[in-house]
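Remarks on the structure that follows.
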There are 2 protein chains.
Amino acid sequence: MLVFLPRFHVEKKDQMGDNHQKMQMKKHLQVTMNKIKQFPILCWKTSKKVGAEDPRRIIHSLKVGLSLTLVSLLYLIQPLFKGIGSNALWAVMTVVVVLEFTAGATLCKGLNRGLGTLLAGSLAFFIEGVANRTGKVFRACFIGAAVFLIGSAATYMRFFPKIKKNYDYGVVIFLLTFNLITVSSYRVDNVLKIAHDRLYTIAIGCGVCLLMSLLIFPNWSGEELHNSTVLKLEGLAKSIEACVNEYFFDTEIDENKESCSGDQIYKGYKAVLDSKSTDETLALQASWEPRHSSHCYRFPWQQYVKLGGVLRHFGYTVVALHGCLQTEIQTPRSVRILFKDPCTRVAREVSKALIELANSIRNRRHCSPEILSDHLHEALQDLNKAIKSQPRLFLGSNKNQARNMLALAAAQAGQKQNEKRQLGVSLSSVKTDSSALMEWKTKRVSEQSREAERKVLRPQLSKIAITSLEFSEALPFAAFASLLVETVAKLDIVIDEVEELGRIACFKEFKNGDDEEEHITVKCEKPKISVSQNQLSSVSGAE
Amino acid sequence: MLVFLPRFHVEKKDQMGDNHQKMQMKKHLQVTMNKIKQFPILCWKTSKKVGAEDPRRIIHSLKVGLSLTLVSLLYLIQPLFKGIGSNALWAVMTVVVVLEFTAGATLCKGLNRGLGTLLAGSLAFFIEGVANRTGKVFRACFIGAAVFLIGSAATYMRFFPKIKKNYDYGVVIFLLTFNLITVSSYRVDNVLKIAHDRLYTIAIGCGVCLLMSLLIFPNWSGEELHNSTVLKLEGLAKSIEACVNEYFFDTEIDENKESCSGDQIYKGYKAVLDSKSTDETLALQASWEPRHSSHCYRFPWQQYVKLGGVLRHFGYTVVALHGCLQTEIQTPRSVRILFKDPCTRVAREVSKALIELANSIRNRRHCSPEILSDHLHEALQDLNKAIKSQPRLFLGSNKNQARNMLALAAAQAGQKQNEKRQLGVSLSSVKTDSSALMEWKTKRVSEQSREAERKVLRPQLSKIAITSLEFSEALPFAAFASLLVETVAKLDIVIDEVEELGRIACFKEFKNGDDEEEHITVKCEKPKISVSQNQLSSVSGAE
């Protein structure tokens, strides 16, 4: 209809003889026609893209179609129709409304629907029993009052946090069923039979939905949550590494690549930052799912939510680190380059630890006891040294200096490695590694107190004002370094939460063989499934 | 039923003569009884709390009850029932499902429901027309195939981003109606009449809902979005000020107060961080609402979402700033105290600017041209000076120095103020103030280049290794200062977005009288309504 409207206008203008406007209208018409012609192509392209992003969507669509056809048979096949009658339509309705993308969401809605219907039915019969004893007019008033009171009370209950979280849909169904039964009981006598038949067909509908979602290519909300946690850890790992690489990037290479790496940083932490509502919905749905592992009683979905919160806080630090790259005041590249080696190493080690955590969650095993490796410890010490020895590094002879320091570090590393081997690779050495960080922290504190003693010597030196300029120039770099050290501190919290998750979820013990494979070939090439996109559809498209 | 279960167990154990277990069961029973006794009290307390948090919830509940009673009258009153018949139940159903907390959500669902029903009806009649020409068996097959195909296709379409965003509920209703009509057309002959009656009653239901949500105590999603934006700005303002105050807090005052201030910081930015999904839902619902202001064509809800994104990024910086307070490595309080004055002033100015922005949005007027006051500019310069003059400040004579600097700053401030008055207070001076920041930035860059020249002089000075220790100690403070400067840079972006919002939404011009009132008495005492809590109920409890 809308398509022909411009043509009608064209004719009108024609009579007025306005050629310019005629031309314009023709152009407008052509554009519209082109858009209409390209609409099927656009649809087809979008369809292909949506399917390619996650093939499970196609399977889900076919499952819904199949379920609908199955329940339609109740109505279409004569013998079945005789048994059930026109109430078969309620089965169709139930399937449309209850069947969701994941098993957890379907179970949550199905059970809520069942519970709501049962409760509403009971209450409605109670009300009917009371109302039946009175006259027709009083009965109408009584029913009206009951509808008002129960309607207001149930709606108000939907604002209660606990009910809203778990039983919101159940309350809606309760309200729906209660009103339908109570109101129709006024005119229909055999309400009990109607309600019975309806419950029967709703049960059939729910049964078909549960069968479809639990047994045929099931999608588990728990799996989605699990996978999204792994992807988040890997995203943060990539982000940190890309961030530090870009900070110490040579200007010689073109701008294009730099902005591409900026995209990579953003992509890495973006999924983490806005994950709260998705995580919570997935955990809620997962809590309705039956366990599908034989090791533990229940999967600790709340622990995944908690880990998600810790990862978000880690993400905020990465955002601040990224902010250092984009800030107006920049430390000159010549200064930055001096700290390239230790900073890059710290970032690489943090990134490695995150990927190890991701792998441990993916394979449902405890993480490697070498998760906080000596490398990280050394890299941090080197960074500390580099910052402290900054004036020396500004000398022309910094190359030798650096080489010597590296040699020293290498020697220390060799020594540590030997100590490590003597200790053996056991779970107890996780503690050793964790405590290495603590040691380092306490060391810093003691260093600070030593510095406080030296302050007495400072007055005559601090007269030299020029050193302060160096400080001012190094300010943004100091922020960068400080935030990098902060990520190490936050990594500690992340490791704690992952360990806790492993303990509660009875992850299998770490085997050394696994570790070497995974530690060397860093796996993070799994295709990124757009978890949240599927999920949102089953959240907001709730019923 | 469950209440009596423990008693039953008690009797069983009694026969076995196990006194200890009997005691335990009794205790268990008592605890259960106590819980049951306290359940009504708990319910009552929760009800009161939920109502006190937001009285609109009570009004909404009463509105739902009233609407339900109204549509029930269609069934209960004899003359009305004669006209409409048992299809009146569809009106009840529509009210339960469509009436939402805000007008936007109700409109969105109501129009989606109408559109879905109409489209589905048309398609179903087309299919019926084709199927009617064939035999009974083929017809059943045809209907089954149509149900499968349309069911799969519609479910698949729900994954399309554009459809998911705006028409998800419409597609569900389309599917529901299509299946109901197509399937029942197999056995019922006058489907057209049924569909017509049903559409009629659904329209009545939608009408009641729209009447209730648009005319009687309406809650606008747009208002919620507007208010939540104001609250977010104020929260950030409080957060920043509390953060800097805590950083320069004297240790003498007890720990208790410090943790309380920590809570305040957290509360300030918490609402901002997780606002993405709430903001987007509110904006979507608001886009369905009719405009209720006479100035502009449409309210720019997408601009609010954009501003929300910018505020989230501002929030990440505040989180990082808060992280500086909690980090393991701390700059000694004696060092920090030296920078207390400029840092506190920068924070106060940023906070003041944020509150001015909040007030400008609240009163729907452009923000004051003095939003980026010279005070901020001066405070930044002082901070810069303080950092540069740090070695001098370590001398005993820092008090005089500080006083002299303050005198200088005061003199400068007076001078600037005069310049300002000469310029007059016009919109163009906003630009001047914004460019003041830019000037400062370019100045910094030029200072950096001057420093690069001076580096040639440095070698002999940098041999003195001890200055590097000072740097190391100041590292965390440098991060703090750098992040504080970062907030100023981000503030610039926030101001741009608010200005853009004011321009698109045709905010009224800024009047000088308003400003002085608000600038002096910083208003941020409005009770905090838990927007997201109401909202979530109408998002997840969608239908």
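Can you name the number of the only condition in (1) in contact (Cβ under 8 Å) with a residue 12 or more places away in the chain; (2) under 28 Å from residue A:44 (Cα atoms) that residue B:197 fails?
For residue B:197, the failing item is (2).
Yes/no matrix, rows are residues, columns are (1) surrounded by fewer than 20 Cβ atoms within 10 Å (Cβ to Cβ); (2) more than 30 Å from the chain's Cα centre (by Cα); (3) modelled with pLDDT under 70:
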position: B:310; (1), (2), (3): yes, no, no
position: B:341; (1), (2), (3): yes, yes, no
position: B:345; (1), (2), (3): yes, no, no
position: B:354; (1), (2), (3): no, no, no
position: B:377; (1), (2), (3): no, yes, no
position: B:381; (1), (2), (3): yes, yes, no
position: B:385; (1), (2), (3): yes, yes, no
position: B:390; (1), (2), (3): no, yes, yes
position: B:395; (1), (2), (3): yes, yes, yes
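Any residue in the range A:175-186 that is open to solvent by 60 Å² or more (accessible area, probe 1.4 Å) and either hydrophobic (A, V, I, L, M, F, W, C) or in contact (Cβ under 8 Å) with a residue 40 or more places away in the chain (or both)?
Checking the range A:175-186: not a single residue is open to solvent by 60 Å² or more (accessible area, probe 1.4 Å) and either hydrophobic (A, V, I, L, M, F, W, C) or in contact (Cβ under 8 Å) with a residue 40 or more places away in the chain (or both).
Residues checked against (1) within 19 Å of residue B:156 (Cα to Cα); (2) modelled with pLDDT under 90; (3) in contact with a helix residue (DSSP H, G or I) (Cβ under 6 Å, 6 or more places away or on another chain):
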{"site": "A:43", "(1), (2), (3)": "yes, yes, no"}
{"site": "A:46", "(1), (2), (3)": "yes, yes, no"}
{"site": "A:58", "(1), (2), (3)": "yes, no, yes"}
{"site": "A:68", "(1), (2), (3)": "yes, no, yes"}
{"site": "A:71", "(1), (2), (3)": "no, yes, yes"}
{"site": "A:74", "(1), (2), (3)": "no, yes, yes"}
{"site": "A:78", "(1), (2), (3)": "no, yes, no"}
{"site": "A:82", "(1), (2), (3)": "no, yes, no"}
{"site": "A:87", "(1), (2), (3)": "no, yes, yes"}
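Given the residues A:92, A:97, which is the only one that is touching a residue at least 24 places away in the same chain (Cβ under 8 Å), within 9 Å of another protein chain (Cβ to nearest Cβ) and open to solvent by 10 Å² or more (accessible area, probe 1.4 Å)?
One residue alone meets the criteria, A:97.
Name, by its number, the condition in (1) at pLDDT below 85; (2) under 30 Å from residue A:66 (Cα atoms); (3) surrounded by 18 or more Cβ atoms within 10 Å (Cβ to Cβ) that does not hold for residue A:291.
The one condition residue A:291 does not meet is (3).
Could you tell me which numbered condition residue B:331 fails, if it satisfies all but one of (1) among the polar types (S, T, N, Q); (2) at pLDDT below 85; (3) assigned to a helix (DSSP H, G or I)?
(3)
Inspect all residues belonging to the range A:151-158 and state whether any of them is in contact with a helix residue (DSSP H, G or I) (Cβ under 7 Å, 6 or more places away or on another chain) and within 30 Å of residue A:219 (Cα to Cα).
yes
Here's the yes/no breakdown for (1) at pLDDT 80 or above; (2) not hydrophobic (A, V, I, L, M, F, W, C):
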{"position": "B:175", "(1), (2)": "yes, no"}
{"position": "B:186", "(1), (2)": "yes, yes"}
{"position": "B:192", "(1), (2)": "no, no"}
{"position": "B:213", "(1), (2)": "yes, yes"}
{"position": "B:225", "(1), (2)": "yes, no"}
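Name the residue, out of B:29, B:66, that is within 29 Å of residue A:136 (Cβ to Cβ) and part of a helix (DSSP H, G or I).
Going through B:29, B:66 in turn, just one is within 29 Å of residue A:136 (Cβ to Cβ) and part of a helix (DSSP H, G or I): B:66.
Within the group B:98, B:130, which residue is farther than 19 Å from residue B:194 by Cβ and in contact with a Cys (Cβ under 8 Å, 6 or more places away or on another chain)?
Only one candidate passes the filter, namely B:98.
For residues that are among the polar types (S, T, N, Q) and under 39 Å from the mean Cα position of the chain (by Cα), tally how many sit in the range A:75-125.
5
Could you grab me the full set of residues in the range A:121-168 that are open to solvent by 30 Å² or more (accessible area, probe 1.4 Å), more than 23 Å from residue B:78 (Cα to Cα) and more than 7 Å from chain B (Cβ to nearest Cβ)?
A:122, A:123, A:126, A:150, A:153, A:157, A:161, A:162, A:163, A:165, A:166, A:167
Please state which of the following conditions residue B:248 fails to meet, knowing it meets all the rest: (1) out of contact with any Cys (no Cβ under 8 Å at 6 or more places or on another chain); (2) at pLDDT below 85; (3) not aliphatic (A, V, I, L, M).
Answer for residue B:248: the failing condition is (1).
Of the residues that make up the range A:211-221, is at least one closer than 25 Å to residue A:75 by Cβ, touching a Lys or Arg at 6+ places or on another chain (Cβ under 7 Å), away from chain B (no Cβ under 13 Å) and of a type in the set (Val, Ile, Thr)?
yes
Examine the range A:36-44 for a residue that is within 11 Å of chain B (Cβ to nearest Cβ), surrounded by 12 or more Cβ atoms within 10 Å (Cβ to Cβ) and in a helix (DSSP H, G or I), and state whether such a residue exists.
Yes, the range A:36-44 has at least one match.
Considering only the range A:49-86, state which residues are closer than 23 Å to residue A:218 by Cα, in contact with a Gly (Cβ under 7 Å, 6 or more places away or on another chain), facing chain B (nearest Cβ under 8 Å) and open to solvent by less than 70 Å² (accessible area, probe 1.4 Å).
A:57, A:64, A:65, A:68, A:69, A:72
Residue B:200 versus (1) in contact with a Gly (Cβ under 7 Å, 6 or more places away or on another chain); (2) under 27 Å from residue B:67 (Cβ atoms): which is the lone unmet condition?
So residue B:200 meets the others, but not (1).
Which of (1) assigned to a helix (DSSP H, G or I); (2) more than 8 Å from every other protein chain (Cβ to nearest Cβ); (3) open to solvent by 10 Å² or more (accessible area, probe 1.4 Å) is the odd one out, the single condition residue B:104 does not satisfy?
(3)
The values are calculated or read from the model by the stated rules, or taken from the named source; none is laboratory data. Bear in mind that the values here come from a model prediction, so they are computed numbers and not experimental data. Cβ sites come from the backbone with ideal geometry, for glycine too, and all protein chains shown count toward neighbours. Each accessible area value is taken on the protein alone, full model and side chains, heavy atoms only, with ligands, DNA and RNA left out. Shrake-Rupley method; radii C 1.70, N 1.55, O 1.52, S 1.80 Å.
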